[in-house]
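Here's the structure we're looking at; comments come further down.
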Amino acid sequence: MDQLDEELISLTDSGTTRYSDLAKRVNAPLSTVHIRMKKLEQGGIIKGYRGDIDWGKAGFGITAFILISIDVNLLQKLRKSQEKLLEEILSMDYVKEGYIVTGDADIIIRVVAKDTAHFRAILLNGIDRIDGIVKTRAMVAL
């Protein structure tokens, strides 16, 4: 796997099953499946498609969850909402999902990394440098 492969899979968010296969599985005409799928997409029920990647096999041996605490006052000064902050975080390479949560943290994200040095770089050179984030706590999945 080369650099281009790594970049492609780190950014991938699409993967589809052919409508003809779906039609066979549900025993419906292809045209019906096509129309229904388009309606589900247009209605926002299906928000998108993504590939199901085995990150370990792809060379990313670390999956980690990061709890993020924010400074609400600083966000207000920056005219940035929690939602916008989360969008900024989710746009980063290797951040695969994230949620605004209640409890001891404000946001939780899931990241993948090649090794501990790569994870450290993602955390310290990326996430920790975003304005509004005051504390991060990381948990590595075993």
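The values are calculated or read from the model by the stated rules, or taken from the named source; none is laboratory data. All of these numbers come straight from a predicted model, not from anything done at the bench. For neighbour counting, all protein chains shown are included, and Cβ atoms are generated from backbone atoms with ideal geometry for every residue, glycine included.
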Among (1) farther than 28 Å from GLY51 by Cβ; (2) within 14 Å of the chain's Cα centre (by Cα) - the single one GLY132 does not satisfy: (2)
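Can you confirm whether segment 80-88 contains a residue that is under 19 Å from ILE127 (Cα atoms), assigned to a loop (DSSP other than H, G, I, E, B) and of a type in the set (Lys, Arg)? Don't jump to the end; show me each part of the working.
Just the residues of segment 80-88 that are under 19 Å from ILE127 (Cα atoms), to begin with: 80-88.
Subsequent filtering for residues that are assigned to a loop (DSSP other than H, G, I, E, B) retains 80-81.
With of a type in the set (Lys, Arg) added as a condition, the list becomes 80.
Yes, because at least one residue in segment 80-88 is under 19 Å from ILE127 (Cα atoms), assigned to a loop (DSSP other than H, G, I, E, B) and of a type in the set (Lys, Arg).
Any idea which of PHE65, PHE60 is within 30 Å of ARG110 (Cα to Cα), outside any loop (DSSP other than H, G, I, E, B), hydrophobic (A, V, I, L, M, F, W, C) and at pLDDT 80 or above?
On the way: PHE60 fails: outside any loop (DSSP other than H, G, I, E, B).
Selected residue: PHE65, the only one of PHE65, PHE60 that is within 30 Å of ARG110 (Cα to Cα), outside any loop (DSSP other than H, G, I, E, B), hydrophobic (A, V, I, L, M, F, W, C) and at pLDDT 80 or above.
So, LEU90, is that one over 27 Å from ASP54 (Cβ atoms), surrounded by fewer than 17 Cβ atoms within 10 Å (Cβ to Cβ) and touching a strand residue (DSSP E or B) at 6+ places or on another chain (Cβ under 9 Å) or not? Spell out how you get there, then give the answer.
Numbers: over 27 Å from ASP54 (Cβ atoms): no; surrounded by fewer than 17 Cβ atoms within 10 Å (Cβ to Cβ): yes; touching a strand residue (DSSP E or B) at 6+ places or on another chain (Cβ under 9 Å): yes.
No; evaluated as a whole, the condition is false for this residue.
In segment 36-57, how many are part of a helix (DSSP H, G or I) and of a type outside the set (D, E, K, R)? Steps first, please.
Step one: filter segment 36-57 for residues part of a helix (DSSP H, G or I), giving 36-42.
Imposing the further condition that a residue be of a type outside the set (D, E, K, R) reduces the set to 37, 40, 42.
So the count comes out to 3.
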Residue satisfying condition, being surrounded by fewer than 17 Cβ atoms within 10 Å (Cβ to Cβ) and closer than 20 Å to LEU142 by Cβ, within set ASP115, ASP71: ASP115
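Pick from segment 97-106 the residues that are surrounded by fewer than 20 Cβ atoms within 10 Å (Cβ to Cβ) and under 26 Å from GLY51 (Cα atoms): which of them is modelled with the lowest pLDDT?
Going through segment 97-106, the residues surrounded by fewer than 20 Cβ atoms within 10 Å (Cβ to Cβ) turn out to be 97, 99-105.
Next, only the ones that are under 26 Å from GLY51 (Cα atoms) stay: 97, 99-101.
On the way: GLU97: 94, TYR99: 98, ILE100: 97, VAL101: 98.
This residue is GLU97.
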Enumeration of residues in segment 106-120 that are closer than 14 Å to GLY61 by Cβ and aliphatic (A, V, I, L, M): VAL111, VAL112, ALA113, ALA117
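Got a sec? Which of ASP21, ASP13 is modelled with pLDDT under 75, more than 30 Å from ARG137 (Cα to Cα), of a type in the set (D, E, K, R) and not assigned by TED's automatic domain parsing to the domain that holds ASP131?
Details: ASP13 fails: more than 30 Å from ARG137 (Cα to Cα).
Just a single option satisfies the conditions, and that option is ASP21.
Looking at segment 119-130, can you tell me whether even one residue there is of a type outside the set (A, V, I, L, M, F, W, C), touching a strand residue (DSSP E or B) at 6+ places or on another chain (Cβ under 7 Å), surrounded by fewer than 15 Cβ atoms within 10 Å (Cβ to Cβ) and part of a loop (DSSP other than H, G, I, E, B)? Talk me through it step by step, then tell me what you get.
We begin by selecting, within segment 119-130, every residue of a type outside the set (A, V, I, L, M, F, W, C); these are 120, 125-126, 128-129.
Going one step further and asking which of them are touching a strand residue (DSSP E or B) at 6+ places or on another chain (Cβ under 7 Å), we end up with 128.
Remaining after also requiring surrounded by fewer than 15 Cβ atoms within 10 Å (Cβ to Cβ): 128.
With part of a loop (DSSP other than H, G, I, E, B) added as a condition, the list becomes none.
No, segment 119-130 has no match at all.
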